[in-house]
Amino acid sequence: MSCISGKPVVPSVRLSNAARPGLMMPAVGLGTGGYGTKDGKGGEYWDPAQGHNATVAWLQLGGPRIDASDDYQSVTGVGSGWVASGVSREDIFITSKINPHGYDQALQDFAQNLKDLQTEYVDLLLIHWPGTQPGTTPPPPLPCKEANGTWAACRLGTWKALEKIYNAGQARAIGVSNYEVNHLLEIMNLKSLIPSVNQVEFHPYWHEDQLLYFCQQHNITFNSYSPIGAPDHAVTLGPSWNAIPDLRTHPNVTQIAQKHNMSPAQVIMRWHWQQGIVINPRTRDPVHMAENMDIFNFALDTDDMKTLS
């Protein structure tokens, strides 16, 4: 692992569009949103205590970025964790997310989010998701008063709130999450600010290559969550889903890992990085945290990349 004064060296990418000039986003962040419930169902559960402990461990290991959300049960723990870590706020890149509940509600949600995270600003603020497809449930939530019954109005109202937050200096960059091309085009058609980041699920089992290409063509940084496929969640999806094998045990992955003397998870994360994608692997294990930052001293060849894709 490359280190300076004992800390890992994680490269960063320069954000464009709705981002402060020169703002750099570290390539690896800590995901803090578990899929599980408190009763142990659905995968790993993250409560405030888990969020606190993981945040402290990550930052003290030299982890440069944290991915949070007002929806995550861990959010107040992330706030207390970065404070307890002893790391200066200026040395931490904090991403957070709010729901597409319209202009007024977005401003209220963000104000609470800052309190939960114990910070006066976030480095990156995202709309967490675009809502459901037309004609499907659930309908837009009641707080979205200006929606007139459409998710499109909800998310565009929320984007205008993010623009206000950005212009006020409370977010150094703004973007979206789980957006498809049609959702991005809605914002671009406003002829205003363009998202700096689109955070989506992306891994060798699920990779929307056309979405990646669109974002890269428009200087929208592509950010992967669940980069190794959320194996703790995938095995609990129920009988209506086909069985999803743990990506880390796939023969193609293990063979390439052996070839490079790296772990399967490191090989998968390197596959992302060589496509220009920044990642949010989620873990509470300090050993895995260190491993996730140690993906920059080897390279996959063309055959490796094709095989993993």
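The values are calculated or read from the model by the stated rules, or taken from the named source; none is laboratory data. Every value quoted in this text rests on a predicted model; they were computed, and no experiment measured them. Virtual Cβ from ideal backbone geometry, glycine too; neighbours counted across all protein chains shown. Just the protein is used for accessible areas: all its heavy atoms, side chains included, with ligands, DNA and RNA removed. Shrake-Rupley method; radii C 1.70, N 1.55, O 1.52, S 1.80 Å.
Residues in segment 221-241 that are modelled with pLDDT under 90 and under 21 Å from Gly276 (Cα atoms): 2 in all. The residues of segment 76-107 that are surrounded by fewer than 21 Cβ atoms within 10 Å (Cβ to Cβ), part of a helix (DSSP H, G or I) and modelled with pLDDT of 95 or more, listed by number, are Thr76, Ser80, Val83, Ala84, Ser85, Arg89, Glu90, Asp91, Leu107.
Being part of a loop (DSSP other than H, G, I, E, B), in contact (Cβ under 8 Å) with a residue 40 or more places away in the chain and of a type in the set (A, V, I, L, M, F, W, C), is that true of even one residue in segment 299-308? Scanning segment 299-308 turns up at least one residue that is part of a loop (DSSP other than H, G, I, E, B), in contact (Cβ under 8 Å) with a residue 40 or more places away in the chain and of a type in the set (A, V, I, L, M, F, W, C).
The condition (being surrounded by 14 or more Cβ atoms within 10 Å (Cβ to Cβ), in contact with a Ser or Thr (Cβ under 7 Å, 6 or more places away or on another chain) and modelled with pLDDT of 95 or more) is satisfied by just one residue among Gln199, Gln216: Gln199. Exactly one residue out of Glu163, Glu146 is at pLDDT 90 or above, acidic (Asp, Glu), out of contact with any Asp or Glu (no Cβ under 6 Å at 6 or more places or on another chain) and part of a helix (DSSP H, G or I), and it is Glu163. With the requirement that a residue be part of a strand (DSSP E or B), at pLDDT 90 or above and β-branched (Val, Ile, Thr), what does segment 1-36 give you? Residues satisfying the conditions are Val13, Val28. Filtering Ile194, Ile244, Ile256, Ile187 for residues that are open to solvent by 40 Å² or more (accessible area, probe 1.4 Å), at pLDDT 95 or above and not in a strand (DSSP E or B) leaves a single hit, Ile194.
Restricting attention to segment 179-225, the residues that are within 19 Å of Thr32 (Cβ to Cβ), without any contact (Cβ under 8 Å) to a residue 60 or more places away in the chain and hydroxyl-bearing (Ser, Thr, Tyr) total 1.
Contact map, segment 151-175: first residue touching a residue at least 60 places away in the same chain (Cβ under 8 Å) and of a type in the set (Asp, Glu), second residue surrounded by fewer than 18 Cβ atoms within 10 Å (Cβ to Cβ) and part of a helix (DSSP H, G or I), Cβ cut-off under 6 Å, separation 6 or more or different chains; the map is empty. The set of residues in segment 23-36 that are open to solvent by 40 Å² or more (accessible area, probe 1.4 Å) and under 27 Å from Gly86 (Cα atoms) contains only Met24. When segment 37-75 is filtered for residues that are in contact with a Lys or Arg (Cβ under 9 Å, 6 or more places away or on another chain), assigned to a loop (DSSP other than H, G, I, E, B) and open to solvent by 30 Å² or more (accessible area, probe 1.4 Å), the ones remaining, listed by number, are Glu44, Tyr45, Asp47, Leu61, Asp70, Asp71, Tyr72, Gln73.
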